[in-house]
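One structure below.
The values are calculated or read from the model by the stated rules, or taken from the named source; none is laboratory data. If you're wondering where the values come from, they're calculated on a predicted model, not measured in any experiment. Methodologically, a virtual Cβ is constructed for each residue, glycine included, from the backbone with ideal geometry; neighbour enumeration extends over all protein chains shown. For accessibility, only protein heavy atoms count, side chains too; no ligands or nucleic acids. Shrake-Rupley method; radii C 1.70, N 1.55, O 1.52, S 1.80 Å.
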Amino acid sequence: MQDHYHAAPTGRNKPRSLHDLLYSKAIRTTFYQVLMAVAICALGLFLYNNVVDNLTRQNIATGFSFLGQVSNFEIGEKLIPYTPRSTYLNALMVGLVNTLVVSAAGIIIATVVGFMVGIARVSGNWMLERLALTYVEIVRNVPVILQAIFWIVVLRNLPPPKNAFVLGEFGFLTNRGLYFAAPASTPVHFWMWLALAFGIVACIIGTVAARRYREVTGRYVDMLLPGLALILGLPFLVWLVAGAPTEISYPVPKGFNYVGGVSISPEFTALLIGISMYASGFIAEIVRSGIQATPKGQVEAARAIALKPRFIMRYVILPQAMRVIVPPLTSQYVSLIKNSSIAVVVGYPDLVNIGNTMMNQTGQAVEAIAVMMIVYLGISLTASLVMNLFNRFVAIKER
Amino acid sequence: MLDTHDTNDAVIKISSLCKWFGQFKVLTDVDLEVRKGERVVICGPSGSGKSTLIRCINRLEEHQSGHIWVNGLEMTDNIKNIEAIRRNIGMVFQSFNLFPHLTVLENLTLGPTLVRQMKKKDADALAMQFLEKVCIPEQAHKYPLQLSGGQQQRVAIARSLCMEPEIMLFDEPTSALDPEMIKEVLDTMIELADSGMTMIVVTHEMGFARTVANNVVLMADGQIVETGPPESFFGNPQHERTRTFLDQILKH
Ligand SMILES: Nc1ncnc2c1ncn2[C@@H]1O[C@H](COP(=O)(O)OP(=O)(O)OP(=O)(O)O)[C@@H](O)[C@H]1O
Ligand SMILES: [Mg+2]
C-alpha cells in the first residue's frame, strides 16, 4: 500500500551509551515512579507489622480466618441464601449485594429525576423553573442522612397492614413495607434477565463495530433498530419460547402481613429515596450547566430549520451537553454509591451495616474495615471505568 | 385560518419595523420589500443592525413594533405562523453553526426527517443531491470539525437547502473564512442566485453585490439610508452616508 511514505520510524531513538541512559527522560521518569512505589509499600508493610505486633501483644486475633466462622446473626433483607448458620463471608456477600442493588436503583432514579429537573430548570417556563430550583435547593442542602431519616419516619408512620393504603388490587402501602402485584415468579425470568444482559452487551459491541465500519468504509449502518431488537427482542423471545407465562401474582393479606406479589421494605425505600433525591439535585445542576454550555448558535441553527423545541433539546442540545455532563456525573454516581453506606441509620443491611455487626462480634476491626474499604474502592473504580468508556462514546469527533 | 395579508407580489414585506434591546433602539422604522426571485444585499457599518434585521425575519429576534409578512403570513407570536415561516426560510450564519456531534449527512437530514417528516432514505437522497450541488458529496460521512471552513459553510448552505425553502438569508457568510475559501462559498451563492432563489445577503463583498444583487441596501444606526440597484448604488449614491461608507470599504 502507499502507507510506506507516512509510516513512522519503528524503533524509538534508543540511548546508546551509559551516559545517554543516565540522562534519558523515559528512564528517569520510570526510576522515580518505581522509587515512589517501593517507598509506599515499605511504609504500608511497616504500619501493618506494627499493628499486628500491638494486637498480638493484647491477645487480639489477626488475619482473615474469621471470615470462615459462623456468623450467628440474622439479616432482615437478603437476595442470596443466608441463615445465621452461614459464615461471615456469606453475611458480607449479602451486604454487598444489598449495597449494589440500592446503589444501582439509586443511580437510575437519580439520573432520570436529575435530567428531568435539570431540563425543567432551563425550560423557559417560569413556574416550572421556580419549582425545579426549589426542589434542587431543598434536596441539595439538607444532609443526605437527615433525608434518609425523614423518609424512614414517614414510611414507619404509614398505617399497619390491617388497614393499609390500598391501591386497587395492585398494591398495599403499610408500615411493614410496600406490596405490589407482579408477574408470578417463574424460572423463565432468570433466563429473560440473562437475555437482557446479553442483548445489552451485544448492542454495545454492535454499535462500536458499526462505528468502526463506517470510519473505515464510509458506509453508514443505523444501529438503532437492530439495537432495540437485541435488547428487547431477546428477552421477549425467551419469554415466547418458554410458553409465554402471563400469570400475575397479587399480594394477599395473610396473618399480620401479605403474601404474593413483590414487597419492598421501608428501610430499602427510605434509603433509596434519600440517596437518589440527594444526588438528583446535584445531577440536575450538572445537566443545567451542560445545557447552558451548548453554544447559542446551535439553538439558532436548529430554530432556523424549524425544529420544534423538544427536538432541539433531544437532537441538538443534549447530545452536545453530554460531553460536559458525563465527567461530573461520574463523580455523582460514585458519591451516591458511597452515600448508600448511611444504610445503618435506617436499618437497611448494607455492606457497612453488616460489616459493623461483624466487627463488633469478632473484634477484628482492622480487617473488617480493610475488607469494606477494598470493596468500596472496587465498586467505585468500576463505576468510574464504565463511565469513562461511556464518555469516550459521547465525545465529539474532531480532526 | 391563518391571517393573511395582501402584500402585492412581495414575498417579504417589512413595514415600520422597530426593535429595542432593553433601552437601546437597534432598528428604527425599517421598511423593506423583497419580491420573488429578487436578491437583496444589505451592507453598512458594524453595529448598524443588519444582523438584527434579518434575524427578525425568521424570529431569531422578536420585534416590538411594525410588521413582517412572509408570503402574506404575518410573523407574530403565533407558534404556527413562526413554524410555517421558518420552514420556508433558510438561514446561513457567519459561524456556520453546524451540529458538531452529527455527520455532514446527519446535519442535512435532521430537518427533512424531523420537520418535513421525510423517510430516511428519501432524506438521504435529497441530502446527497444538495451536497453534490455544493460540490462536496465525498464529505458526507465526515464530522463538521473535520472539514475546512469553506467546506463547512457550504455544508451549512446545503443544510438550509434541504428544507427546500423559498427564501434564503445569509448573515456575513464569508466573514469567518480565509481569503482562498471565500471564493468557493461565493460561487455556491452565485449558483443559487442563478437558480432563481430569493436571497437576502448581509455582506461586505461588494463584488458579489455588484454582480448578483437586484437591490443594495445601506443601513446605518438602525435605519435604512439608501436603497437602489447596484449601478446607481455604487455609481451614483444619493446620500453622503453611503459615499463615506463606500469610500471606506472600497479603499481596502
Ligand atoms: N442580544 C443583544 N442584546 C443587546 N444588544 C444587542 C444584542 N444583539 C445585538 N445588539 C446590539 O445591537 C446593535 C446592532 O447589532 P447587529 O448585530 O444587528 O449589528 P450588525 O450590523 O450586524 O453588525 P456587524 O457588522 O458587526 O455584524 C449593536 O449595537 C449590538 O451591540
Ligand atoms: Mg452582524
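How high is the FRET efficiency between A:SER249 and A:SER289 when r is their beta carbon distance and R₀ equals 45 Å, given to the nearest 0.05? Efficiency, rounded to the nearest 0.05: 0.50. Take the Cα of B:ASN236, step 7 Å toward its Cβ, do the same at A:VAL166, and the gap between the two points is 9.5 nm.
Taking all protein chains as shown and a probe of 1.4 angstrom, B:LYS183 keeps an accessible surface of around 130 Å².
With all protein chains kept in place, the per residue accessible area of the stretch A:313-388 amounts to 41 square angstrom at a probe of 1.4 angstrom.
Kirkwood hydrodynamic radius (Cα pairs, Å) of the stretch A:40-142?
About 18.6 Å, per the Kirkwood formula over Cα pairs.
Per residue, the convex hull spanned by the alpha carbons of the stretch A:238-329 comes to 203 Å³. Averaged over peptide A:234-245, the number of partner chain Cβ atoms lying within 10 Å of each residue's Cβ comes to 0. Expressed per residue, the C-alpha convex hull volume of the stretch A:174-250 stands at 118 Å³. The long axis of helix B:149-161 is offset from the longest Cα principal axis of chain B by roughly 90 degrees. Label-to-label distance for B:ASP29 and A:ALA39 is 8.0 nm, based on points extended 7 Å past Cα in the beta-carbon direction.
Evaluated on the stretch B:77-182, the Kirkwood hydrodynamic radius is 14.0 Å, with distances taken between all distinct Cα atoms.
Quick one: of the DSSP bridges fully inside the protein assembly as shown, what percent are antiparallel, nearest 5? It would help to have the intermediate numbers written out before the result.
Numbers: 37 of 54 bridges.
Of the beta bridges lying entirely in the protein assembly as shown, close to 70 percent run antiparallel.
The calculated 222 nm mean residue ellipticity attributable to helices in the protein assembly as shown amounts to -17500 deg cm²/dmol, summing -39500 (n - 2.57) over DSSP H runs of n ≥ 4 and dividing by all residues. Spatial offset of the stretch A:165-185 relative to the stretch B:37-109 amounts to 55 Å, using the alpha carbon center of each. Other protein chain C-beta atoms within 10 Å of residue C-beta, averaged over B:101-111: 4. For the pair A:VAL112 and B:ASN214, label points projected 7 Å from Cα toward Cβ lie 5.7 nm apart.
About the Cα centre of the stretch B:212-252, what is the dipole size in debye to 20, counting +1 per Lys and Arg Cβ and -1 per Asp and Glu Cβ, all else neutral? Walk me through the numbers on the way to the answer.
Values: 3 positive and 5 negative charges, 18 e Å.
Rounded to the nearest 20 debye, it is 80 debye.
With all pairs of different C-alpha atoms in the average, the Kirkwood value for the hydrodynamic radius of the stretch B:184-252 is 12.8 Å.
The C-alpha atoms of chain B define a longest principal axis, and helix B:179-194 lies at about 90 degrees to it.
Relative contact order for chain A: 21 percent, from Cα pairs under 8 Å spaced at least 6 residues apart, divided by residue count. The Rg/Rh ratio for chain A is 1.04, where Rg is the radius of gyration of the alpha carbons and Rh is the Kirkwood radius.
Each Cα pair under 8 Å and six or more residues apart adds its separation to the average, and for the stretch A:269-387 the resulting relative contact order is 28 percent.
Please identify the helices of chain A, taking whole runs of DSSP H, that span at least 24 Å along their own axis as judged from the Cα atoms and have a mean Kyte-Doolittle score of 0.0 or higher.
Numbers: long enough: A:25-57 (48 Å, 0.80); A:88-121 (47 Å, 1.81); A:187-217 (44 Å, 0.96); A:266-293 (40 Å, 0.96); A:318-339 (29 Å, 0.43); A:365-394 (43 Å, 1.64).
Length and hydropathy pass: A:25-57, A:88-121, A:187-217, A:266-293, A:318-339, A:365-394.
Looking at the stretch B:101-252, the pairs of alpha carbons with a distance over 25 Å make up 38% of the total.
When Rg and Dmax are taken over the Cα atoms of the stretch A:280-354, they come to 18.2, 59 Å. Projecting the Cα atoms of A:MET192, B:PRO229, B:ASN78 onto the charge dipole of the protein assembly as shown (Cβ charges, centred on the Cα centre) puts A:MET192 farthest toward the positive pole.
Along the charge dipole of the stretch A:316-399, Cβ charges K/R +1 and D/E -1, which of A:MET358, A:PRO327, A:VAL344 sits furthest on the positive end? Projecting each Cα onto the dipole axis, the largest value belongs to A:PRO327.
Since only A:CYS41, A:ALA244, B:ALA125 are under comparison, the one whose Cα sits farthest along the positive direction of the charge dipole of the protein assembly as shown, derived from C-beta charges on Lys, Arg, Asp and Glu, is A:CYS41. Only Cα sites of the stretch A:119-227 enter the Debye sum here, all with the same form factor; the resulting log10 I(q)/I(0) across q = 0.23 1/Å is -1.06, listed in q order.
Reducing the stretch A:305-351 and the stretch A:217-263 to their Cα centroids gives an inter-centroid distance of 25 Å.
Calculated on the alpha-carbon coordinates, the convex hull of the stretch B:1-92 measures out at 104 cubic angstrom per residue. Tell me the carbon and sulfur percent of the accessible area for chain B, rounded to whole percent, probe radius 1.4 Å. Ligands and nucleic acids excluded, carbon and sulfur give 48 percent. Counting only Cβ charges, +1 for Lys and Arg and -1 for Asp and Glu, the dipole size of chain A around its Cα centre is about 1180 debye.
Would you mind working out the accessible area per residue for the stretch B:1-140, using a 1.4 Å probe, and quoting it in Å²? Can you show the working numbers first?
On the way: 6130 Å² over 140 residues.
Computed with neighbouring chains in place, this is 44 Å² per residue.
So if I take the centroid of the Cα atoms in the stretch A:67-92 and the same for the stretch B:8-29, what is the distance between those two points in Å? If we compute the Cα centre of each part, the gap is 78 Å.
Remark on the stretch B:139-225: ratio of C-alpha radius of gyration to 2.2 N^0.38 Å is 1.15. Beyond 30 Å in Cα-Cα separation lie the following of the pairs A:LYS308/B:LYS13; A:LYS308/B:LYS121; A:LYS296/B:LYS183; B:LYS13/B:LYS120: B:LYS13/B:LYS120. Given +1 at the Cβ of Lys and Arg, -1 at the Cβ of Asp and Glu and no other charges, the dipole of the stretch B:1-146 around its Cα centre is 340 debye to the nearest 20. Counting Cβ atoms of other protein chains within 10 Å of each Cβ in B:133-144 and taking the mean gives 2. A Förster distance of 41 Å, applied to the separation of the beta-carbon atoms of A:ILE205 and B:CYS135, puts the FRET efficiency at 0.65. Solvent-accessible area lost on pairing B with A (1.4 Å probe, both sides summed) amounts to about 2500 Å².
Using θ = phi - 60° in the Karplus curve 6.51 cos²θ - 1.76 cosθ + 1.60, the 3J(HN,Hα) couplings for the stretch B:15-23 round to 9, 5, 6, 10, 9, 10, 9, x, 7 Hz; x is entered for Gly and Pro. Across the stretch A:26-181, C-alpha contacts under 8 Å between residues 6 or more apart give a mean separation that, scaled by the residue count, equals a relative contact order of 8 percent. A Förster radius of 41 Å, combined with the Cβ-Cβ distance separating A:HIS19 from A:PHE46, puts the computed FRET efficiency at roughly 0.65.
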